[in-house]
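Q: Before we start, here is the structure in question, set down as structure tokens.
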Amino acid sequence: MIPYNRKLTPTAKLLRKNMTAEEKHLWYDFLKRLPLTVKRQHSIKNYIVDFYIAQKKIVIEIDGAQHFSQPHEGKDRKRDMDLSTWGITVLRYTNGDINKNFNGVAEDILSRLGLSFTDLRNKTNTSSVTS
């Protein structure tokens with residue numbers, strides 16, 4: 001069983017309320033349309049991950065510029081290794097990936113999930129993701 005840390009719940013709630021522009025874009029324009037449950041700012045052990053798809057044991061992380069500094073790179077590697085001990089795969093995308101290649105990111109996520117654009121649930125408004 002994947003460990004959930006209830007002590008991180010208040011922080012996770014705060015992060016959900018204050019998502020970055022790139023997290024909002026990915027969530028509202030793509031991840032909400034997946035035919036799988038996607039949890040935002042979900043705690044696993046001592047970590048809060050951006051998005052978690054439990055059915056597939058996949059974490060999706062959106063990395064801003066701070067993740068490319070020396071201390072963060074090491075922490076991210078350790079975190080990814082820790083998560084892999086529970087069979088979790090971490091997919092990392094940069095803010096630039098979301099802003100400049102949104103459809104490519106969506107295609108990559110769908111591929112990793114074994115899905116296609118036709119599997120997405122319809123939205124009532126116009127979507128940024130097209131097939």
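The values are calculated or read from the model by the stated rules, or taken from the named source; none is laboratory data. The shown structure was predicted, so the numbers you read here are calculated from the model rather than taken from an experiment. All Cβ positions, glycine included, derive from the backbone under ideal geometry; neighbour counts span all protein chains shown. Surface areas here come from the heavy atoms of the whole protein model, side chains and all, with no ligands, DNA or RNA. Shrake-Rupley method; radii C 1.70, N 1.55, O 1.52, S 1.80 Å.
Q: Carbon and sulfur: what percent of the chain's accessible surface (1.4 Å probe)?
A: Working: 3800 of 7630 Å².
Ligands and nucleic acids excluded, carbon and sulfur give 50 percent.
Q: Starting from the Cα of Asn122, step 7 Å along the direction of its Cβ; do the same at Asn99; then give the gap between the two resulting points in nm.
A: Taking the two extended label points, one gets 3.4 nm.
Q: What residues qualify as long-range amide H neighbours of Val90, i.e. H under 5 Å apart, gap of 5 or more or another chain, H built at 1.01 Å from N?
A: Val59
Q: Over the alpha-carbon set of the stretch 1-117, divide Rg by the Kirkwood Rh and report the Rg/Rh ratio to two decimals.
A: A ratio of 0.93.
Q: Separate question: Students often forget the sequence filter, so: which lysines lie under 19 Å Cα-Cα from Lys57 once same-chain residues fewer than 8 apart are removed?
A: Within the straight-line limit of under 19 Å, Lys57 reaches these lysines: Lys32, Lys39, Lys45, Lys78.
Q: Probe of 1.4 angstrom, ligands and nucleic acids ignored: what's the accessible area per residue over the chain, in square angstrom?
A: On the way: 7630 Å² over 131 residues.
Averaged over the residues of the chain, the accessible area is 58 Å².
Q: Moving to a separate point now. Can you give the extra length, in nm with one decimal, that the chain gains between Asp108 and Met1 once fully stretched, where that is 0.36 nm per residue apart less the Cα-Cα distance? Can you show the working numbers first?
A: Working: separation 107, 0.36 × 107 = 38.52 nm, distance 2.70 nm.
So the extension gain works out to 35.8 nm.
Q: Can I ask one more? Mind ranking 112-119, 93-100, 19-26 by how tightly packed they are, going by the mean number of other C-beta atoms within 10 angstrom, highest first? Write down the numbers at each step before the final one.
A: Working: 112-119: 12.4, 93-100: 16.1, 19-26: 18.2.
Descending mean neighbour count gives 19-26, 93-100, 112-119.
Q: Between Trp86 and Arg16, take the C-beta separation as r, use R0 = 22 Å, and let me know the FRET efficiency to the nearest 0.05.
A: The computed FRET efficiency comes out at 0.50.
Q: State, as an integer percentage, the relative contact order of the chain based on alpha-carbon contacts under 8 Å between residues 6 or more apart.
A: Relative contact order comes out at 24 percent.
Q: Hey, another quick one. Enumerate the calculated ³J(HN,Hα) couplings along the stretch 34-40 in order (Karplus 6.51 cos²θ - 1.76 cosθ + 1.60, θ = phi - 60°), each rounded to whole Hz, writing x wherever the residue is Gly or Pro.
A: Coupling constants for the stretch 34-40: 5, x, 10, 7, 10, 9, 8 Hz.
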